[in-house]
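Working notes, structure below.
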Amino acid sequence: MKRLLDLLLCFALLPFLVLPCMVLFVLVRATSTGPVLYWSDRVGQNNHIFKMPKFRSMRIDTPAVATHLLQDPTIYLTPIGSFLRKSSLDELPQLWCIFKGEMSFVGPRPALFNQHDLIEARTQCNVHLIKPGLTGWAQVNGRDEIPIPQKVAFDLEYAQKQSLWFDIQILFLTFLKVVRTEGVSH
C-alpha cells in the first residue's frame, strides 16, 4: 500500500516540479563547475547501498563525508548551495529513488555509506529493515541538529508507530520545517 501511495504522489507532483527542476538545473550549471547532480552512495533498506542524487550544493572538491564532520562546511558551498540546502530544493532529484523503489516519501533518512556509527546503531535496532525516506520523524524533530543516538531513537519510534496517518503528519511537519527553513545548520 505504501509503495502505491509513493508512486501516486510522485506522479501527482511531477507536473508541478518539472519547471522548478529545470530552473535549478540551469542555476547550478551557471554558478559552479562540475555536474549538476551529486550522486552519493547511501545505505538503504537492509543496508543495501544505492546511489542517491541531489542538486549539487557543494564544490566538487568537497570531501565525501557527512557535512557535520567538515570543519567549516560553508567554505565548500557553491554560490547557491546555501539556498538549495535551506530550501531543501537540493532534495528534489530523490524523487527518482522513490520512483525506483529505493526510497519512500517517509522513513529514516538514508545514511552515507561511511556513517558507520549510524548504520550500526540502526542495524542493532532493526531500523535498517525500513525503506529510507525523503523525510522522516528524526528530520522533523531536529534535522541536522540532533546527535546520532537521538536520531536513531526517533527512527526506532517511527518504526514502531508506522502508519499512513503518521506519514501524513510527518509530511505536513516537513512542509512547515522547509517553509520556515528550520533545522538546517548551513
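The lone criterion from (1) out of contact with any strand residue (DSSP E or B) (no Cβ under 7 Å at 6 or more places or on another chain); (2) at pLDDT below 95 left unmet by Leu112 is number (1). Being within 14 Å of Leu95 (Cβ to Cβ) and in contact (Cβ under 8 Å) with a residue 40 or more places away in the chain is the filter; apply it to the stretch 15-39 and report the residue that is surrounded by the fewest Cβ atoms within 10 Å (Cβ to Cβ). Restricting to residues being within 14 Å of Leu95 (Cβ to Cβ) and in contact (Cβ under 8 Å) with a residue 40 or more places away in the chain, the top hit is Pro20. The set of residues from the stretch 78-92 being within 17 Å of Leu13 (Cβ to Cβ), surrounded by 21 or more Cβ atoms within 10 Å (Cβ to Cβ) and either touching a Pro at 6+ places or on another chain (Cβ under 7 Å) or among the hydrophobic types (A, V, I, L, M, F, W, C) (or both) comprises just one member, Leu89.
For Gly101, the test of being within 30 Å of Val26 (Cα to Cα), of a type in the set (Gly, Ala, Ser), surrounded by fewer than 21 Cβ atoms within 10 Å (Cβ to Cβ) and at pLDDT 95 or above is passed.
The values are calculated or read from the model by the stated rules, or taken from the named source; none is laboratory data. Since we're looking at a predicted model, the values are computed, not measured. Neighbour counts run over all protein chains shown; Cβ positions are idealised from the backbone, glycine included.
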